[in-house]
Amino acid sequence: MACTVFTIANQKGGVGKTTTAVNLAAALAERKIHTLVVDLDPQANATSALGIEKQEGRSLYRPLHGEGSAFEMLTPTEWPHLALIPSEVDLAAIEIELAQQENYLLRLKSVLDPIKNSGGYRAIIIDCPPALGMLSMNSLAAADQLLIALQCEYMALEGLGQILKVVDRLKNAGVNSALEVGGIVMTMFDSRINLAKQVVEEVRQHLPDKIFNSVIPRTVRLSEAPSFGKPIFAYDPHSPGAAAYRALAKEVIERFQLDQKGDAAMTGASDV
Ligand code: ATP
Ligand code: MG
């Protein structure tokens, strides 16, 4: 089974990265696509949003130092086809410690590649902290596709320019020449606010082939679900937020052909 590694990175805080990582992953799992969430944020929000308690020593901290393997950190969730590599606060120290190691940008890649190549997962989704530091840079070096969560607000495009520049630099330096900007997810859309519509239109005009058609609405249910340790599909499966993440997953499956060599009956793929 081929595996696509997605990273959800963005230097801006609170734009819906974790909400998107968790719920997109859960929506893929609902479609029987074996998905692994890698929580690379020391805040460990994705870990708790998936109902897993933070636990000292349960993160990529040691594997990133070359101690033990990432396989030991694989943690099942309550939901079929959805696994997690959790995070905990120790991971914060990596920002400084990695810089002193050789090949520091490729540490995460070397840790995750054995899982990627194991045949166990069709998609790996990395949730990054809100900074383009060592952890996020490592995720960009390890990923096939960058998914950018953009909040529908003033200055959204300005932040976009920064991360696109970093991607170009990594590609040109040969750190990850295969890295692609896989797509842009517009988050926290409030249809009552004119500016939100304008921002979506602007992004659509600038990057028509990157922006996903599914726009994630701002809903209280999406913000409540993490405190119950559940993706939206377990918390309120018939809510507009759940519908939006299901629609996004459908687009992601089609764009990256995640149903190929997957469960054809389930995903409706018939030509592979
Ligand atoms: P950080 O940069 O701190 O990691 P983030 O980019 O991962 O943040 P989230 O944690 O996903 O962003 O979202 C920030 C806050 O907004 C959270 O409280 C979350 O519950 C809420 N939120 C995210 N998406 C939505 C939405 N579509 N509707 C309502 N609230 C949302
Ligand atoms: Mg987050």
### Summary
So for the range 18-160, using the alpha carbon gyration tensor with a ≥ b ≥ c as root eigenvalues (a/c under 1.5 gives rounded; past that, a/b versus b/c decides prolate or oblate), I'd call it rounded
### Task
Hand me the trypsin sites (Lys or Arg not before Pro) from the range 86-159 located in a DSSP loop with no more than 12 other Cβ atoms within 10 Å, in residue order please.
none
### Task
Report the extension gain between Leu74 and Asp209 in nm, rounded to one decimal, defined as 0.36 nm multiplied by the number of residues separating them, less their alpha carbon distance.
45.2 nm
### Label-point separation, Ser227 to Leu164 (7 Å along Cα→Cβ), nm
3.7
### Of all accessible heavy-atom area on the chain, the percent that carbon and sulfur account for (1.4 Å)
51
### Query
Dipole of the chain (Lys/Arg Cβ +1, Asp/Glu Cβ -1, origin at the Cα centre): which of Ser139, Gly241, Leu60 lies farthest to the positive side?
Gly241
### Task
Take each complete run of DSSP H in the chain, measure how far its Cα atoms stretch along the helix's own axis, and keep only those covering 15 Å or more with mean Kyte-Doolittle hydropathy at least -0.5; list them.
17-30, 156-172, 240-255
### Query
Based on Cβ point charges of +1 for Lys and Arg and -1 for Asp and Glu, what charge dipole magnitude is obtained for the range 21-159 about its Cα centre, in debye rounded to the nearest 20?
520
### Message
With θ taken as phi - 60° and the coefficients 6.51, -1.76 and 1.60, list the Karplus ³J(HN,Hα) couplings across the range 76-81 in order, rounded to whole Hz; mark glycine and proline as x.
### Response
x, 9, 5, 9, x, 6
### Message
Just to confirm, what accessible area per residue do you get for the range 39-137 at 1.4 Å probe, in whole Å²?
### Response
44
### Query
What are the aspartates and glutamates whose alpha-carbon lies under 19 Å from the alpha-carbon of Lys116, with same-chain residues fewer than 8 places away excluded?
Asp39, Glu67, Glu72, Asp127, Asp144, Glu180, Asp259, Asp263
### Summary
To the nearest Å², the heavy-atom accessible area per residue of the range 215-264 with 1.4 Å probe amounts to 49
### Query
When the distances between all Cα atoms of the chain are binned every 5 Å from zero, what whole-number percent does each bin get?
1, 6, 13, 18, 20, 18, 13, 7, 2, 0, 0
### Summary
Listed residues Tyr245, Tyr104, Tyr121; largest mean-square fluctuation, Gaussian network over the chain with Cα springs below 10 Å, found at Tyr104
### Message
What does the C-alpha gyration tensor say about the overall shape of the range 163-268? Classify as rounded when a/c is under 1.5, otherwise prolate if a/b is larger than b/c, or oblate.
### Response
oblate
### Task
Give, as a single signed number, the net charge of other residues whose beta carbon lies under 10 Å from the beta carbon of Gly183, with Lys and Arg counted +1 and Asp and Glu -1.
-1
### Query
Gain in length, Ile96 to Glu201, computed as 0.36 nm per residue apart minus the alpha-carbon separation, to one decimal in nm?
33.8 nm
#### Entry: Structure-based [θ]222 nm, the chain - -39500 (n - 2.57) summed over DSSP H runs of at least 4, per residue, nearest 500
-11000 deg cm²/dmol
### Query
What are the lysines whose alpha-carbon lies under 23 Å from the alpha-carbon of Lys165, with same-chain residues fewer than 8 places away excluded?
Lys12, Lys17, Lys109, Lys210
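The values are calculated or read from the model by the stated rules, or taken from the named source; none is laboratory data. Since the structure is predicted, the reported quantities are computational estimates derived from the model, not experimental observations. Counting neighbours? That spans all protein chains shown, and the Cβs are built from the backbone with ideal geometry, glycine included. Ligands, DNA and RNA are excluded from the accessible area calculation, which covers all protein heavy atoms including side chains. Shrake-Rupley method; radii C 1.70, N 1.55, O 1.52, S 1.80 Å.
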